[in-house]
1. Please find, among E15, E45, the residue that is farther than 27 Å from R90 by Cβ and among the acidic types (D, E).
2. Which of the residues spanning the stretch 47-95 are polar (S, T, N, Q), within 20 Å of V25 (Cβ to Cβ) and not in a helix (DSSP H, G or I)?
3. Would you please list the contacts, defined by Cβ atoms under 8 Å and residues six or more apart or on different chains, that run from a residue in the stretch 80-94 that is closer than 16 Å to T41 by Cβ to a residue that is among the hydroxyl-bearing types (S, T, Y)?
4. Just to be sure, is W8 touching a helix residue (DSSP H, G or I) at 6+ places or on another chain (Cβ under 9 Å), assigned to a helix (DSSP H, G or I) and not β-branched (V, I, T)?
5. Please list, ordered by first then second residue, the pairs with beta carbon atoms under 7 Å, 6 or more apart or interchain, first in the stretch 2-19 and under 13 Å from R58 (Cβ atoms), second assigned to a loop (DSSP other than H, G, I, E, B).
6. May I ask you to say which residue of E27, E23 is free of Cβ contacts under 8 Å to residues at least 12 places away in the same chain, in a helix (DSSP H, G or I), of a type outside the set (A, V, I, L, M) and farther than 30 Å from P86 by Cα?
7. How about the stretch 56-85: which of its residues are more than 16 Å from the chain's Cα centre (by Cα) and open to solvent by less than 70 Å² (accessible area, probe 1.4 Å)?
8. Take the stretch 1-55 and flag every residue that is open to solvent by 50 Å² or more (accessible area, probe 1.4 Å), more than 15 Å from the chain's Cα centre (by Cα) and small (G, A, S).
Amino acid sequence: VMDEVGAWDDGVWRERGARVLGERVDELVGAVRGASRTVVTVSNEVGSGVVPTSAAGRRFRDELGRLNAAIATESEHVLLLTAGLPTVLRGAVPE
């Protein structure tokens, strides 16, 4: 989606890319919120490591972090897996 909205071009990003990406994120979060079935999402945690040297890398890290936080807000259970070990961030470990 970041490719589709022109996230890698600073001018396009400022002009419309950030807004369009935000709309797409809102759409996805709304779908998760409105789902009548169990939804399982899997994502990378990219904010705990080295700060990317490129603007594009930092943009990707920041936008994925915002998406992860928005999905977590709508979730009953949130787990962080580190080396295969779950850490419960919200709720209990689902059975």
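1. Criteria check complete, one pass: E15.
2. S75
3. Between residues of the stretch 80-94 that are closer than 16 Å to T41 by Cβ and residues that are among the hydroxyl-bearing types (S, T, Y), the close pairs are L80/T87; L81/T87; R90/S75; G91/S75.
4. So W8 fails the test.
5. Here the result reads W13/G6; W13/A7, each pair linking the stretch 2-19 to a residue that is assigned to a loop (DSSP other than H, G, I, E, B).
6. Values: E27 fails: farther than 30 Å from P86 by Cα.
Of E27, E23, the one residue that is free of Cβ contacts under 8 Å to residues at least 12 places away in the same chain, in a helix (DSSP H, G or I), of a type outside the set (A, V, I, L, M) and farther than 30 Å from P86 by Cα is E23.
7. Hit for the stretch 56-85 is G84, nothing else.
8. The answer is G34, S36, G49, S54.
The values are calculated or read from the model by the stated rules, or taken from the named source; none is laboratory data. Keep in mind the model is a prediction, meaning the values are calculated, not measured. Don't worry about glycine lacking a Cβ; one is built from the backbone with ideal geometry, like all the others, and counts go over all protein chains shown. Areas reflect the complete protein model, heavy atoms only, side chains present, ligands, DNA and RNA absent. Shrake-Rupley method; radii C 1.70, N 1.55, O 1.52, S 1.80 Å.
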